[in-house]
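Heads up, the thing below is written out as structure tokens.
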Amino acid sequence: MKVISSIQELRDQLRGQNRTAFVPTMGNLHEGHLSLMRLARQHGDPVVASIFVNRLQFGPNEDFDKYPRTLQDDIEKLQANNVYVLFAPTERDMYPEPQEYRVLPPDDLGGILEGEFRPGFFTGVCTVVTKLMSCVQPRVAVFGKKDYQQLMIVRRMCQQLALPVEIIAAETVRDEDGLALSSRNRYLTPDERREAPELARTLQRMRDSVLGGERDLGKLEQNARTHLAERGWVPDYISIRRRANLIAPSAAELEAGEPLVVLAAAKLGATRLIDNLEI
């Protein structure tokens, strides 16, 4: 596996490749990331991964400085999963001058849920993903469903900007107790780690209620927020939305069996966790 930091060197290395499969990451790789690499190989060759902790998508009081950086360990994991090139640029490589041009997602998708609680997050994501796509020029790119809203925004962005890349969605990988794998799980204390799967269990109960015929989604959402708060969580949002556009479903759409997803973000101690389940 080649490890490259220069955009020009990356383009030289990939020149002539027309079936490249790309997996962008921020590093600190776990089994969830590695499952994306394996899925990428099913859809293209060679597989290119990137590791870049993107300052643009972190707010002023978020964890950019303490976000775990484990490059050597990540390199070994990628080598073991037959990745052809790791693009690991420095901040100077990616942003040699102030990034004054940004890619802004529409408010109806980028300003809700995560976007409401993390202003500017999706602008940072869209800007860096567009730049990475320009560098790698993949045929397909793989994104995880764990970041459900991000997946939808990136997919719509590629469609609207006519980027010649197919976005492949990968299922969320979970620990044995149901906790969705995340690089931020390492922030949890032992007691918090034991409590953390309750977020997924709460979403599962909501899904089961909807599938069992419950139509008062507001009551389900409020009950879930109250339940988590009583256990020491601080919920940002817990919301049932249409899968197609993340808009709240109408009563008629519920009765018609509209495909739904329940999305949540909540703080447990100092750690903010997100999760979702399709219904």
Per DSSP, the loop-located GluC sites (Glu not before Pro) within the range 106-215 having at most 11 other beta carbons within 10 Å are 176
Need one number: nm distance between label points at residue 63 and residue 205, each 7 Å from Cα along Cα→Cβ, rounded to one decimal. 2.6 nm
HN-Hα couplings for the range 10-23 via Karplus (6.51, -1.76, 1.60; θ = phi - 60°), in whole Hz with x for Gly/Pro, come out as 4, 5, 5, 5, 9, 4, x, 7, 10, 10, 5, 10, 10, 10
Could you give the angle, 0 to 90 degrees to the nearest 10, between helix 121-136's Cα long axis and the longest principal axis of the Cα atoms of the chain? 30 degrees
Residue 278/residue 2 FRET efficiency (R0 30 Å; Cβ-Cβ; nearest 0.05): 0.20
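Count neighbours as other Cβ atoms within 10 Å of each site's Cβ, and list the trypsin sites (Lys or Arg not before Pro) in the range 1-88 that are DSSP loop with at most 16 such neighbours.
15, 19, 66, 69
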Name the residues whose placed amide hydrogens come within less than 5 Å of the amide hydrogen of residue 237, ignoring near sequence neighbours (fewer than 5 apart) on the same chain. 265
Under 5 Å between amide hydrogens, which residues at least 5 positions from residue 166 or on another chain qualify, with H placed 1.01 Å from N in the peptide plane? 140, 141
Can you find, among 57, 120, 88, the residue farthest towards the positive end of the dipole of the chain? Put +1 on the C-beta of Lys and Arg, -1 on that of Asp and Glu. 88
Of the listed values (i) 17.5, 51; (ii) 19.1, 57; (iii) 18.0, 54, identify the label whose number matches Rg and Dmax of the Cα atoms in Å calculated from this model. (ii)
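Rounded to the nearest 20 Debye, what is the dipole magnitude of the chain about its Cα centre when Lys and Arg each give +1 and Asp and Glu each give -1 at the C-beta? Walk me through the intermediate numbers first.
Numbers: 36 positive and 39 negative charges, 104 e Å.
I would put it at about 500 debye.
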Scan the range 31-112 for chymotrypsin sites (Phe, Trp or Tyr not before Pro) in coil per DSSP, keeping those whose Cβ has at most 10 other Cβ atoms within 10 Å, and list them by number. 101
Expected 222 nm ellipticity per residue - DSSP helices of 4 or more, -39500 (n - 2.57), all of the chain, to 500: -11500 deg cm²/dmol
What percent does the relative contact order of the chain come to when contacts are Cα pairs within less than 8 Å and at least six residues apart? 18 percent
Residue by residue through the range 216-227, what is 3J(HN,Hα) from phi via Karplus (6.51 cos²θ - 1.76 cosθ + 1.60, θ = phi - 60°)? Round to whole Hz and write x for glycine and proline. 8, 5, x, 5, 4, 5, 5, 4, 5, 4, 5, 4
Percent relative contact order of the range 184-265, based on C-alpha pairs within less than 8 angstrom and at least six residues apart? 27 percent
May I ask you to evaluate 6.51 cos²θ - 1.76 cosθ + 1.60, the Karplus curve with θ = phi - 60°, for each residue of the range 231-240 and list the ³J(HN,Hα) values in order in whole Hz, giving x for glycine and proline? 9, x, 7, 10, x, 8, 7, 9, 8, 9
Between residue 247 and residue 12, with labels modelled 7 Å along Cα→Cβ, what's the label distance in nm to one decimal, could you check? 5.0 nm
Could you please state, rounded to a whole Å, how far the C-alpha centre of the range 190-249 is from the C-alpha centre of the range 1-62? 32 Å
Taking H as built 1.01 Å from N, whose amide H comes closer than 5 Å to the amide H of residue 260, not counting residues under 5 places away? 243, 279
Pulled fully out, how much extra length does the chain show between residue 177 and residue 219, if you take 0.36 nm times their separation in residues and subtract their Cα-Cα distance? 12.5 nm
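FYI, it's all coordinate maths here, none of it is from the lab. Computed from a predicted model, the values in this text were never measured in an experiment. Here Cβ is always computed from backbone atoms with ideal geometry, including for glycine, and neighbour counts include all displayed protein chains.
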